[in-house]
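Worksheet: one structure, shown below.
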Amino acid sequence: MRLTLNGSFIVPPPAVARVVPPGVATTFRLDARAVAPPPGLDEARSRAFWRLVRDVALAVKDRELAAGLDKDGRELAAVRPRRPRYRSGRRLDGPPLMPHRALSRTRRLLRGRADARGVTFSWARGWGRILGYHAAGQVRGAPDRDVIGLSRAGRALVAATALRRWAGKYGPPRTPALDLPRDLAAPAPSAGSGRFVVRAIDAVGRHVERLSPGRAAAVKSHSGWGQVTRSRDSADRGIRNADFGS
């Protein structure tokens, strides 16, 4: 309210709050439709998996923003040609919506919150609402620029990277291969049977010992040892069976 010279009052019009139109999101989310989690995860492991997805997705999204790409992987509409400006000793020559490059709010305020079903990404300090105005074309004199989302190529990269890292950290352990001496390639035949007794192999100590046919049964029952046999008429002439005792 303002007092005029003649003593009357002028009541200003009510302020109109700017809101993001319905249908224009200010956050985006990645879930099992974009990144299929490994099967059989309990809730704790599921949360750990989506935290990993969050970290990977933040890095991929930052890479897309640094390249000046929108949510569909296309280049953002360029700003009008102008001389690079300076503020606080920094040159403002970054892509649209990111004049300070890595220090711009579009990049440094992006956050991710993981739960047991996915990750929700948003911008802190209300910057997501400002980006919503840009996405809806409500910024005067500026074209539509929508960065609220991750491109199809970005989602594929997030899925492949997260699953590879998860498998490297929580995948099943690899069984070490046994290095057999070369002289084991020609086993000695056992009399009166259709198989050749090759050797007994200690799977724990990686020890290899020649066996006579008479000792084969005794060694086979020994814990950690087993009898490896080769069929007399095997087509590929390779070791066919390895039965390790329990």
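The values are calculated or read from the model by the stated rules, or taken from the named source; none is laboratory data. These numbers were taken from a predicted model, which means no experiment stands behind them. For neighbour counting, all protein chains shown are included, and Cβ atoms are generated from backbone atoms with ideal geometry for every residue, glycine included. To get the accessible areas, we keep the full protein, side chains included, count just its heavy atoms, and leave off ligands, DNA and RNA. Shrake-Rupley method; radii C 1.70, N 1.55, O 1.52, S 1.80 Å.
A few notes on this one:
- The single condition among (1) open to solvent by less than 50 Å² (accessible area, probe 1.4 Å); (2) at pLDDT 95 or above that ARG108 does not satisfy is (1).
- Residue check, ARG113 surrounded by 13 or more Cβ atoms within 10 Å (Cβ to Cβ), closer than 15 Å to ARG54 by Cβ and either at pLDDT below 95 or basic (Lys, Arg) (or both): yes
- Within the range 62-72, not a single residue is out of contact with any strand residue (DSSP E or B) (no Cβ under 9 Å at 6 or more places or on another chain) and either modelled with pLDDT under 95 or under 23 Å from LYS169 (Cα atoms) (or both).
- Any hit, the range 160-168, residues being of a type in the set (Phe, Trp, Tyr), touching a residue at least 60 places away in the same chain (Cβ under 8 Å) and under 22 Å from ARG51 (Cα atoms): yes
- Number of residues in the range 73-88 that are open to solvent by 60 Å² or more (accessible area, probe 1.4 Å) and modelled with pLDDT of 95 or more equals 2.
- Selection count, the range 121-137, where residues are surrounded by 16 or more Cβ atoms within 10 Å (Cβ to Cβ) and in contact with a helix residue (DSSP H, G or I) (Cβ under 9 Å, 6 or more places away or on another chain): 6
- Count of the range 19-41 residues, restricted to those that are open to solvent by 80 Å² or more (accessible area, probe 1.4 Å) and either in contact with a Phe, Trp or Tyr (Cβ under 7 Å, 6 or more places away or on another chain) or modelled with pLDDT of 95 or more (or both), is 2.
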